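For reference, the structure discussed in these notes is given below.
The values are calculated or read from the model by the stated rules, or taken from the named source; none is laboratory data. For clarity, every value in this text was computed on a predicted model and none was experimentally measured. Cβ placement follows ideal geometry from the backbone for every residue including glycine, while neighbour counts extend to all protein chains displayed.
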Amino acid sequence: MIQFNVNRFWKLVRWSLTMDRRWFVKNTLSWLVVFTLMFLFFTCVARFNDQPASLPSYGACTSMVLFTTVAILVLGPTMMFNSMRGKHDDQRLMTLPASNLEKYLMRYSYWLLLLPSFVGSFVVADLVQYLVNWLLGHEGRMLVMQYMGSPQLHIGAAPKPLILCILLTFVWLHSCYAVGATFFRSHKYSWILTSATLIALGVILGALWPHDDIARSISSDTAINLVRLWDVIYIFLIALNFWLSYRFFCRQQVIGRFVNL
């Protein structure tokens, strides 16, 4: 029987934050160093248009930030067990006075708890690069956040059904990595094993997919209906993946082991 108590869950979250405080601090500092070095490289070292701190420099910074953000949103569940070290932590998780659902949601939420530190590291690194460029006297200096809100960053419009399908695709990938995080034993490299599995499935499905001649014969109305059908399939697969992720987590709690990969 699935049990969930809000008060007990929040106590579990607070306890986890206390026990893994060093892990959160380490990740925050890592993000800060990565963002700072990346911003300083593009705005001070790399030269676009033969000058530092130019608009293309901040465009490159923005592209890297957006790429990193998407990667975190997709790969977030793979951080589920990254703070755990060895069998002692596995056994401690098993003996916590909470239901399996509460423990699963607590471990899954670790990537969500890292988002504030990710945003904070980005803001601090942005201020550092602005200060450094100001000290160096670069005339084109600005904040990366300022560039993100400027007209230079223009994203073209797309049909709403296509946007929804793309969003569901990212959520489906996110759920796939949630399955991999609880299926594979390797905490650090579960994202690699999951990625390899997805690539293999993609190759197989690509070989079975209709050829271009068939795709060209599909009318626009049929294409829209196919996109909507894919939306329904994605929603079903997302629910299935999260259910499988939870069941694999419960299995690990019962027998105390992951799949030996």
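Odds and ends about this structure:
- When residues of segment 140-162 are limited to those that are assigned to a loop (DSSP other than H, G, I, E, B) and either in contact with a strand residue (DSSP E or B) (Cβ under 8 Å, 6 or more places away or on another chain) or among the basic types (Lys, Arg) (or both), the one modelled with the lowest pLDDT: Gly140
- Filter result for Val119 (among the β-branched types (Val, Ile, Thr), in contact (Cβ under 8 Å) with a residue 24 or more places away in the chain and either farther than 23 Å from Thr194 by Cα or part of a helix (DSSP H, G or I) (or both)): no
- Counted residues, segment 29-80 - those being over 20 Å from the mean Cα position of the chain (by Cα), buried (at least 20 other Cβ atoms within 10 Å of the Cβ) and either modelled with pLDDT of 90 or more or part of a helix (DSSP H, G or I) (or both): 5
- Among the residues of segment 60-115, those identified as closer than 30 Å to Phe41 by Cα and among the β-branched types (Val, Ile, Thr) are Thr62, Val65, Thr68, Thr69, Val70, Ile72, Val74, Thr78.
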